[in-house]
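See below for the structure under consideration.
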Amino acid sequence: MSRIPDSIAGSGRATEALAGFYERMSTLHDAATTPATGAAGTELPQDQQRQDPHQDAQNSDLPGHVVLDGTPLTVEQVVAVARHGVSVEIHETALARMERTRAVIEDLAHDTVPHYGVSTGFGALARRHIPTEMRAQLQLSLVRSHAAGSGAHVETEVVRALQLLRLATLVTGHTGARPVTAQTYAAMLNAGITPVVHEYGSLGCSGDLAPLAHVALAAMGEGQVRVGASTGSGVSTGSTSGVGSGVSTGSTSEGSSTSESVVDAAQALADAGIEPLVLAEKEGLALINGTDGMLGMLCLAIHDLRRLLTTADVAAALSVEALLGSDAPFAEDLVGMRPHPGQAASAANLRRLLAGSPLMASHRELDDAGNPACTRVQDAYSLRCAPQVHGAVRDTLDHAATVAGRELASAIDNPVVTTDGRVESNGNFHGAPVAYVLDFLAIAAADLASMSERRTDRFLDVARSEGLPAFLAADPGVDSGHMIAQYTAAGIVSELKRLAAPASVDSIPSSAMQEDHVSMGWSGARKLRRSVDGLGRVLAIEVLTATRALDLREEAPAAGTGAVHDAVRAVVPGPGPDRYLAPEIEHVVGLVTGGQVAAAAADAVGQLH
């Protein structure tokens, strides 16, 4: 047996943690091929095994269904339908409203004067008048030609969000679409029919044209769809690139989940008893003009980042405590001198999580001569300034949520039917408002992850870890401990910095210079999903490392951090000689992104911000 290093031989928690290591390892020798196990090597209850990274800790809060009546959806409703498969229902008042505005379009269709989108071509071809007998072909040609995406299949939850948000705009009545069109979209959502949408194709100019066109094409019985998708805990990202693939790692070469089947849309509609749409005047435009793809991904990111921000505070508290840092800089009166609301919320979380910690007491004790036992006057910025950085991310997220709320309250199409019955061209489809905040959030996520990785690194350096063994190894030199776990975090952070480069400044003209300025919001949303995934993994490595360090301290942790330590130990063993680390990281990634880390802390200390 490897000896316990002299530097930690006197640690009661370390000795206890190491004593049962080999007994645990007899049943944990291959975490990749055996069921998830607890510290004693027994199979864990199902609810404690590796969670899907986006499985909610409180799924009981999900609505039974979402009613679409023309009032704005919430971020939570978008997530419920997109990620968890909650059904939708169109209220009868919305259908009646659609009937009234459809009558306006029908009148224009019979007018001898050309009207854009009703009796003309589109984009740079808008000056051509289309005769009545060719207008059905016009709509069909519009959707077919715009369904020109390429690359990996986009994640099921993203496509469902896109479907839902386009449907939410249809039921406002401002698009002039027929009720049957909205009902078809609702039926596809409720039947779990997910159109195949590709990674590339949107410039965020007239909205997300190509992604929306692929959805419309499927509703017409053309193209391909995914069926048999698990929209709850088994959602696949369908991504073949990125930090760690996004929501789940089960993607195929085409980017679709192995639990899903890709079939022809016509067959899927027939199997579900859904009649394919035959589009009428203006409906082609109504189905493809919108920011629904980028907005859907923004909503999903906001939901996930709120959870990760609470978890970031928990991770910071674990690190401050295990590195023998001070909680004094988090005092309410000090933080209040700079009244940013996010900073106040983060500091309040840290105070609550560290309250009553015996390890924190080392900064307040005096030696026999009456001098402070701790001689370190100030902690490093990654510890001391955590509320300032975490808080700035919170405030950035709040701004993004404000923009998302406004966009969710919008009816985006071109042209639109106004409340008084006019049909007007407009520029509301431009994705700039959404594109900017998608970029802002990628910057914030990268910086939050950067600070987390710096805290992880401090644990591994004997010059900065306050008496912990090198790399938290059981026998430094023989064992490498968490050396390469930090490499992984550093590699992800480096990737997040690249992803923080804004997409929204990279306008490129299209459509014969008619669409000469575009938002690139779809691209910003795609990279933000990779950023959110990477942030969760970096925080998980910090939590895994900090809880290992707590085991190597003699004093017990605070109630909040101790509860998180115990939650981690339920899925990952404590310190000991080196073992296969990748599965342990994945277990903690599940706890972090599934909300179990934040929930464990809150159960112990009360609600956290």
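List of remarks:
- Across region 466-478, the qualifying residues are those that are in contact (Cβ under 8 Å) with a residue 40 or more places away in the chain and surrounded by fewer than 21 Cβ atoms within 10 Å (Cβ to Cβ), and the one among them that is farthest from residue 382 (Cα to Cα) is 478.
- Region 142-153, residues that are touching a strand residue (DSSP E or B) at 6+ places or on another chain (Cβ under 6 Å) and among the hydrophobic types (A, V, I, L, M, F, W, C): 152
To keep it simple, each residue is scored yes or no on (1) open to solvent by 40 Å² or more (accessible area, probe 1.4 Å); (2) under 20 Å from residue 442 (Cα atoms); (3) of a type in the set (Phe, Trp, Tyr); (4) not in a helix (DSSP H, G or I).
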position: 497; (1), (2), (3), (4): yes, yes, no, no
position: 503; (1), (2), (3), (4): no, yes, no, yes
position: 524; (1), (2), (3), (4): no, yes, no, no
position: 531; (1), (2), (3), (4): no, yes, no, no
position: 539; (1), (2), (3), (4): no, yes, no, no
position: 544; (1), (2), (3), (4): no, no, no, no
position: 547; (1), (2), (3), (4): no, no, no, no
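- Subset tally (residues that are within 26 Å of residue 109 (Cα to Cα), buried (at least 24 other Cβ atoms within 10 Å of the Cβ) and among the small types (Gly, Ala, Ser)) for region 274-295: 3
- Across region 296-350, the number of residues qualifying as open to solvent by less than 20 Å² (accessible area, probe 1.4 Å) and among the charged types (D, E, K, R) comes to 3.
- For region 401-434, filtering for residues that are part of a loop (DSSP other than H, G, I, E, B) and of a type in the set (Lys, Arg) leaves 1.
- Of all residues in region 303-346, those being free of Cβ contacts under 8 Å to residues at least 60 places away in the same chain and assigned to a helix (DSSP H, G or I) number 12.
- Positions within region 575-609 being of a type outside the set (Gly, Ala, Ser) and over 21 Å from the mean Cα position of the chain (by Cα), in sequence order: 575, 577, 578, 579, 580, 581, 583, 584, 603, 605, 607
- Subset of region 375-400 [part of a helix (DSSP H, G or I), surrounded by fewer than 20 Cβ atoms within 10 Å (Cβ to Cβ) and not aromatic (Phe, Trp, Tyr)]: 384, 388, 392, 395, 398, 399
- Qualifying residues in region 433-452 (those that are out of contact with any Leu (no Cβ under 9 Å at 6 or more places or on another chain) and surrounded by 23 or more Cβ atoms within 10 Å (Cβ to Cβ)) - the one farthest from residue 386 (Cα to Cα): 435
- Any hit, region 339-346, residues being out of contact with any Leu (no Cβ under 9 Å at 6 or more places or on another chain), of a type outside the set (Ser, Thr, Tyr) and within 30 Å of residue 220 (Cα to Cα): no
- Condition met for residue 571 (closer than 29 Å to residue 496 by Cβ, touching a strand residue (DSSP E or B) at 6+ places or on another chain (Cβ under 9 Å) and of a type in the set (A, V, I, L, M)): yes
The values are calculated or read from the model by the stated rules, or taken from the named source; none is laboratory data. The model shown is predicted, which means the values in this text are computed figures rather than measured ones. Because the Cβ atoms are built from the backbone with ideal geometry, glycine has one as well, and the counts that use them run over all protein chains shown. Note: areas computed on protein heavy atoms with side chains; ligands, DNA, RNA excluded. Shrake-Rupley method; radii C 1.70, N 1.55, O 1.52, S 1.80 Å.
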